[in-house]
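Chemist: One structure is given below, represented as structure tokens, and several questions about it will come after.
The values are calculated or read from the model by the stated rules, or taken from the named source; none is laboratory data. Keep in mind that this is a model prediction, so the values were computed, not measured. As a convention, Cβ positions derive from the backbone with ideal geometry for all residues, glycine included, and neighbour counts pool all protein chains shown. The protein model used for the area step is the full one, side chains on, heavy atoms only, and it has no ligands, DNA or RNA in it. Shrake-Rupley method; radii C 1.70, N 1.55, O 1.52, S 1.80 Å.
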Amino acid sequence: MKKERSKKYRLIQALRIVSQAGFFLLFFYLFTVTHYSGKDYIGQVETFFHFDPLLAIATSIAFRAVFVAFILAALTIVVTFVLGRIVCGWVCPLGSIHQFFSFIFKRTKLLKPKDKQNSPLSWKYYLLIFILISSIFTLDLVGIVDPLSLLYRSLAVGLFPALAHGASAFLGFLYSIRLSSLGDSLTQFFEGLALNSTFRQGFFIGLIFIGIVLLNISRERFWCRYLCPLGALLGLFSRWNVLKLKIDSQKCTKCKLCTIHCQTQATPFPDESWKSAECVYCFTCAAICPTNAVSFPLLPSPPKMAVDLSRRKLLLTSLLAVAAVPFFRISPSTKRASPKLIRPPGALPEEKFLQKCVKCGECMKACPTNALQPALGEAGPEGIWTPVVTPKIGYCEYYCSLCSQVCPTGAIKELRVEEKIKVKIGTAWVNKNRCIPYTLGNPCIVCEEHCPTSPKAIKLVKIEVLQPDGTIKTPLAPVIDTELCIGCGICENKCPVVDDPAIYVTSVGESRSERNRLLLELIKQEPDKKDPDERKKRNEKTDANFF
Amino acid sequence: MRELWNTSSHWEKDKTEMKRRDFLKDIALGTFLLELNPDLLAQKKNFPDLVLIQGDSPALITKEAIASLGGMKQFVSKGDVVIIKPNIGWDRTPEQAACTNPEVVKALVELSLGAGAKEVIVMDNPINQFQRCYVRSGIAAAAKEAGAKVPFPNPYHLKKMALKGEWLKEWEVFMEFVEADKIINVPIAKTHSLSRLTMGMKNWLGAIGGSRNQLHQKLDQAMIDLAAFFKPCLTVLDAYRILIRNGPQGGRPSDTKLLKTVVAGCDYVAVDAMGATFFDINPQDLPYLRIANQKGLGEINLEKLHIEKRTV
């Protein structure tokens, strides 16, 4: 018998690797260009997410409406119906990362694949069921475990910030040894990437990702086999696919190489045990077979259900998901808006926002000032890793609406710049116990100077401040016109009282909420309605004071 | 020296009666004086202290202003590295008059290169996100088009320098400004709620790093210390469109006023003093100008200055 590996399948395998690299590079490219690059409007950099049926289905169920862009996910579903989980094996960028590292770990003998692998493939199906059932009850947790969200978030919040710090240290070294011209060109390169380098929880989000990658030491493509809910969903859709594995028993030497090296534990040998819903069509089995016995003919044969899901466990998972919903809602965030929960401009009302946000971190990547940070507790447990404007780290740039443009699910409604500048995301307050003019009597108008609205929301008034020696100083001190303030937070960001700024923004007054409002705003509206010129006059008067 | 040239103006009046012999004699005398003191012509006293040019084109009035001061060769020598410091502080467009007019900057880049500068750098340390400021002010594109380098502020180029000021003894300064042969300051005239106006001397807050927001507690002194340190060879105040309220950022077109003017001169204190008059402010009423004048950094009494005003 001729011992020869299949040329055809080795070629297909090579094509698959090219495809994986290509899609990963596309994902990566779209990731790196998601920042301000001289234009007010950014293109469709978030498109990758729209092909993800898991995000599409879960957010649509939770939000009770389909976001139009998710139509593209239908394409993935159709492909999966016909060709099985080919998207997992040929397209998914996270899958490619896992496969790459599995390969590395195999080569370094950290991972020694065995022919008997009985780990439960059903976990991911239960996870999927849990997510979908909780979505029915408006609890949207899909973003935490969706592979694209997970990868994007890990890159944006964990890995790239680490890269930025590493680069910064390296640049410092270059300049210290007087290689300034090399330093300058590298600096230019990194400026072009516009990396945000500061993230709360960046360490943990990065650590989770590294942990998931390290799981590949235990099993090849661990995440894809046991955890990925998108893989599970595509597995369910793949039941009627036409590509079926067949082993030519004449040629087969029962070496089990195919099963040992199967990336996703689909057990190609023997072929009646092959689980079509687990197969990602990497064609490793067909390419590795020393006798060219494995092939994938087109066979519309009866479906083989891959994994046995016990009815009891399904019921239990569903019950667990139902029980989880009220459990997640114990948090006070549902009762009263958190003052620190300043959402990006265009964010839907909190309840709706949480139903849509998939915690992908795309907005955090796009933010030019690094203002958007992943939430920890501010939005309750279900709002973990959702974006929060954190003025101490960055402020909301007045003429920028990038975060709203890149949001893949419409949790942040897309805004034109001229719409964005009218959106109020919070209100600034002066802490007179810390403010320099109020406490020390010294001049400081930094917050007023930075206030971007016209007329300015921060006015200056002359105040009297008693000095320790009994004398009185009369500096100008900031007073806030809450009606004009949009809550951008530049005042808090630039306040010279650095540790705990003397001016700070809280979420109250945000336009998106009907409850988190200032009563005063309603009262104030009255005179304006009667005399629209009055406010104008008042502002001009303040302006005139400068002279 | 001033008298010498004043006498020359009297012979201009009597030019018709001048004889050829006298003329030759004058030339001989002039040549002799130049032999003794070659710097004589380099003295800028023959040119006005300040020029104020008005006109429709920002580029044209800038070029005209420099020409009236004797041309860019008076300030820039062949092979010089010139740094031009506009105000690119804010994420605002030229119509909002928060940043220097890009055409004014562009004209200065062209003139500097025309005068033989080896390299022209245009940079600022903006307050809003730097890429946005560089792009939306229009300055980066305009300056690059004219052939300037427009680097972003690089924190690794900051170095603590001895400013030897009254208040600021030392501060972090971008080395581009220290290493350049010539510094040209191109501020825009705007209101400011603390220094009342921000023009040339306040513009130096954009050439430094560190906690700039702490300088406001003694802003006037900080401005003087910084201006005395940087010592621009030329200051061109962009008053094409000035910001008359809601400074230093403005926002609405109604916050601005179209003056179609530039002021240029070597005396940076005098340039700011001239600028103050655009806002109907007496230079004497601006503490920073008064103190700078007392310290001998420049003139604020505009009547003492030879000012050339023209419309083109």
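Chemist: Based on Cβ point charges of +1 for Lys and Arg and -1 for Asp and Glu, what charge dipole magnitude is obtained for the protein assembly as shown about its Cα centre, in debye rounded to the nearest 20? Provide the component values of the computation, followed by the final result.
Modeler: Details: 108 positive and 79 negative charges, 831 e Å.
The dipole of the protein assembly as shown has a size of about 4000 debye.
Chemist: So if each residue of separation counts as 0.36 nm, and I subtract the Cα-Cα distance between A:GLU483 and A:SER197, what length gain in nm does that give?
Modeler: 99.6 nm
Chemist: Using just the Cα positions, wrap chain B in a convex hull and report its mean projected area in square nanometres, one decimal place.
Modeler: Numbers: hull surface 67.5 nm².
So the Cα hull casts an average projection of 16.9 nm².
Chemist: Taking only the alpha-carbon atoms of region A:393-454, what semi-axes of the equivalent ellipsoid follow from 5 times the gyration tensor eigenvalues under a square root, in whole Å, largest first? Each step should come with its number before you reach the end.
Modeler: Details: eigenvalues 210, 29, 16 Å².
Values for region A:393-454, descending: 32, 12, 9 Å.
Chemist: How far apart, in nm, are two points set 7 Å out from the Cα along the Cα-to-Cβ line at A:ILE104 and at B:HIS306?
Modeler: The answer from the label model is 7.3 nm.
Chemist: What distance in nm lies between label points placed 7 Å from Cα along the C-beta direction at B:LYS144 and A:LEU182?
Modeler: If labels sit at B:LYS144 and A:LEU182, their model points lie 2.6 nm apart.
Chemist: Here's a follow-up. I need the calculated FRET efficiency for the pair B:THR93 and A:VAL78, taking r as the beta carbon distance and R₀ as 45 Å, to the nearest 0.05.
Modeler: Working: r = 47 Å, r/R0 = 1.04.
Approximately 0.45, to the nearest 0.05.
Chemist: Right, here's the next one. Pull up all non-local amide H partners of A:ASP140: gap of 5 or more, or a different chain, and H-to-H distance under 5 Å with H placed in the peptide plane.
Modeler: none
Chemist: Assuming R0 = 30 Å, what is the FRET efficiency of A:LYS112 and A:SER273, from their Cβ-Cβ distance, to the nearest 0.05? Please report the intermediate quantities before stating the final value.
Modeler: Numbers: r = 22 Å, r/R0 = 0.73.
After rounding, the FRET efficiency stands at 0.85.
Chemist: Something else about it: Whole Å is fine, so just give me how far the alpha carbon centre of region B:137-188 lies from that of region A:414-474.
Modeler: Taking the Cα centre of region A:414-474 as reference, the centre of region B:137-188 is 29 Å away.
Chemist: Taking the dipole about the Cα centre of region A:27-157, with the C-beta of Lys and Arg at +1 and of Asp and Glu at -1, give me whichever of A:ILE77, A:VAL91, A:LEU121 is farthest to the positive side.
Modeler: The Cα lying farthest towards the positive end belongs to A:LEU121.
Chemist: Sticking with this one: When the C-alpha atoms of region B:159-277 are aligned to their principal axes, what extent does each axis show, in angstrom, from largest down?
Modeler: 41, 29, 21
Chemist: Give the long-range amide H neighbours of A:ALA347: residues separated by 5 or more places, or on another chain, with amide H under 5 Å away, using H modelled in the peptide plane at 1.01 Å from N.
Modeler: A:LYS413
Chemist: I've got another one for you. Give the value in nm², to one decimal: projected area of the alpha carbon convex hull of chain A, averaged over all directions. Mind dumping the intermediate values first?
Modeler: Working: hull surface 130.4 nm².
Mean orientational projected area (chain A, Cα hull): 32.6 nm².
Chemist: Return the long-range amide H neighbours of B:THR256 (sequence gap of 5 or more, or a different chain), with a cut-off of under 5 Å between placed amide H atoms.
Modeler: Placed amide hydrogens put B:ILE244 under 5 Å from B:THR256.
Chemist: So, one more: Give the distance, in whole Å, between the Cα centre of region A:355-401 and the Cα centre of region A:1-75.
Modeler: Answer, in whole Å: 24.
Chemist: Would you be so kind as to identify which of A:ILE217, A:SER507, A:LEU299 lies farthest towards the positive end of the dipole of chain A, taking Lys and Arg as +1 and Asp and Glu as -1 on Cβ and the Cα centre as origin?
Modeler: A:LEU299
Chemist: Can you find, among A:SER37, B:GLN214, A:ASN442, the residue farthest towards the positive end of the dipole of the protein assembly as shown? Put +1 on the C-beta of Lys and Arg, -1 on that of Asp and Glu.
Modeler: In the protein assembly as shown, that residue is A:SER37.
Chemist: Across all directions of projection, what mean area in square nanometres is found for the Cα convex hull of region A:48-153?
Modeler: Numbers: hull surface 32.1 nm².
Computed as one quarter of the Cα hull surface, the answer is 8.0 nm².
Chemist: Now, a different point. Greater than 24 Å separation of Cα atoms is the criterion. Which listed pairs, A:LYS8/A:LYS124; B:LYS78/B:LYS149; B:LYS73/B:LYS231; A:LYS459/A:LYS494; A:LYS494/B:LYS295; B:LYS106/B:LYS309, meet it? Please report the intermediate quantities before stating the final value.
Modeler: Numbers: A:LYS8/A:LYS124 32 Å; B:LYS78/B:LYS149 18 Å; B:LYS73/B:LYS231 18 Å; A:LYS459/A:LYS494 16 Å; A:LYS494/B:LYS295 32 Å; B:LYS106/B:LYS309 22 Å.
Beyond 24 Å between Cα atoms: A:LYS8/A:LYS124; A:LYS494/B:LYS295.
Chemist: What do the square roots of 5 times the Cα gyration tensor eigenvalues come to for region B:61-147, in whole Å, largest first, as semi-axes of the equivalent ellipsoid?
Modeler: Each semi-axis is the square root of five times an eigenvalue, giving 24, 14, 9 Å.
Chemist: Can you compute the helix-only [θ] at 222 nm over chain A? Use -39500 (n - 2.57) per DSSP H run of at least 4 residues, normalise by all residues, nearest 500 deg cm²/dmol. Display every interim value, and only then the final one.
Modeler: Numbers: 25 runs with 238 residues, N = 547.
Estimated from H runs of four or more residues: -12500 deg cm²/dmol.
Chemist: Now for a separate question. Taking 22 Å as R0, compute the FRET efficiency from the Cβ-Cβ separation of A:SER119 and A:CYS255 and round it to 0.05. Could the numbers behind the result be given before it?
Modeler: On the way: r = 22 Å, r/R0 = 1.01.
Plugging the Cβ-Cβ distance into 1/(1 + (r/R0)^6) gives 0.50.
Chemist: Considering only protein heavy atoms, with the full assembly of protein chains and a 1.4 angstrom probe, order B:ILE300, A:ILE210 by accessible area, largest first.
Modeler: Numbers: B:ILE300 5, A:ILE210 85 Å².
Accessible-area ranking of B:ILE300, A:ILE210, largest first: A:ILE210, B:ILE300.
Chemist: Distance from a point 7 Å along Cα→Cβ of A:GLU514 to each backbone N in region A:352-391: keep the residues under 19 Å and list them by number.
Modeler: Within reach of a label on A:GLU514: A:352-356.
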